[in-house]
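Heads up: the structure comes next, in structure tokens.
The values are calculated or read from the model by the stated rules, or taken from the named source; none is laboratory data. Remember, predicted model here, so these are calculated numbers, not experimental data. Note that we place each Cβ from the backbone using ideal geometry, even for glycine, and neighbour counts take in every protein chain shown. The accessibility values were calculated without ligands, DNA or RNA, using every heavy atom of the protein model including side chains. Shrake-Rupley method; radii C 1.70, N 1.55, O 1.52, S 1.80 Å.
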Amino acid sequence: MKRIALFPGSFDPFTRGHEDIVLRGLKVFDEIVIAIGYNSGKSQRYFAIDMMVQKISETFKGYPNIRVITYSELTAELARKHKANFLLRGLRNTTDFEYENSIAQVNRYLNTDLESVFLITSPQFASISSSIIREVHRYGGDVDPFLPYKL
Ligand code: ADP
């Protein structure tokens, strides 16, 4: 049976830190589905979701086992639909851990077949966060070094 992992996130924007988690995840999983979550009720994203789908697809164009989708439903349900038995997430620090710990408990409760798997960030990407990139971009700073594609 194929080991399929869902990598869910806001990816607003998708960063080199995220790219690193996906590429390292390929050593563990046969297929990775990158799932960009959005809330249909609110459009509070900074980077447009369609543009992000395009940029992520472009980033992994040489990888037939990596797909990009968008979703607006429970992650645990989405995993079921895609026959994914694993949720891939990244951990940078204890703040991530506290947050991820709660989400993983809820996801396990919602879908008992789903195992959350965490990869510790590579040190060179540990300080990259989507929220800081948004701030830098908002005020005209150069964010290219933090992204695996050109905006
Ligand atoms: P969410 O809104 O679900 O937290 P994000 O897009 O911020 O989504 O992050 C998706 C996942 O990637 C999370 O597990 C987060 O901890 C992880 N992540 C974010 N930045 C990094 C990084 N620089 N290195 C490793 N993992 C990261």
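Taking residue 104 and the conditions (1) of a type in the set (A, V, I, L, M); (2) in contact (Cβ under 8 Å) with a residue 24 or more places away in the chain; (3) in contact with a strand residue (DSSP E or B) (Cβ under 6 Å, 6 or more places away or on another chain); (4) more than 9 Å from the ligand (Cβ to nearest atom), which numbered condition does it fall short on, given that it satisfies the others? The number of the failed condition is (2). One residue stands out among those in region 6-42 that are closer than 21 Å to residue 136 by Cα and polar (S, T, N, Q): the one that is farthest from the ligand (Cβ to nearest atom), which is 15. Filtered by the rule that a residue be under 22 Å from residue 19 (Cβ atoms), touching a helix residue (DSSP H, G or I) at 6+ places or on another chain (Cβ under 7 Å) and either more than 8 Å from the ligand (Cβ to nearest atom) or assigned to a helix (DSSP H, G or I) (or both), region 107-129 gives 116, 125. Look at region 1-22 and say how many of its residues are within 15 Å of the chain's Cα centre (by Cα), farther than 19 Å from residue 127 by Cβ and surrounded by fewer than 20 Cβ atoms within 10 Å (Cβ to Cβ). So the count comes out to 1.
Take residue 125 and decide whether it is under 21 Å from residue 3 (Cβ atoms) and touching a residue at least 12 places away in the same chain (Cβ under 8 Å).
Values: under 21 Å from residue 3 (Cβ atoms): no; touching a residue at least 12 places away in the same chain (Cβ under 8 Å): yes.
When the stated conditions are applied, residue 125 does not pass them.
Taking the criterion of being farther than 21 Å from residue 19 by Cα and either in contact with a Cys (Cβ under 6 Å, 6 or more places away or on another chain) or of a type in the set (D, E, K, R) (or both), the residues of region 79-106 that qualify are 80, 81, 83, 98. Just checking, how many residues over region 130-146 are under 15 Å from residue 18 (Cβ atoms) and assigned to a loop (DSSP other than H, G, I, E, B)? Counting residues in region 130-146 that are under 15 Å from residue 18 (Cβ atoms) and assigned to a loop (DSSP other than H, G, I, E, B) gives 1. Of all residues in region 52-99, exactly one satisfies the criterion of being within 14 Å of the chain's Cα centre (by Cα), surrounded by 16 or more Cβ atoms within 10 Å (Cβ to Cβ) and more than 16 Å from the ligand (Cβ to nearest atom), namely 67.
Within region 10-18, is there a residue that is of a type in the set (Val, Ile, Thr) and free of Cβ contacts under 8 Å to residues at least 24 places away in the same chain? No - not one qualifying residue is present in region 10-18. For region 119-136, residues that are of a type outside the set (Ser, Thr, Tyr) and open to solvent by 70 Å² or more (accessible area, probe 1.4 Å) total 5.
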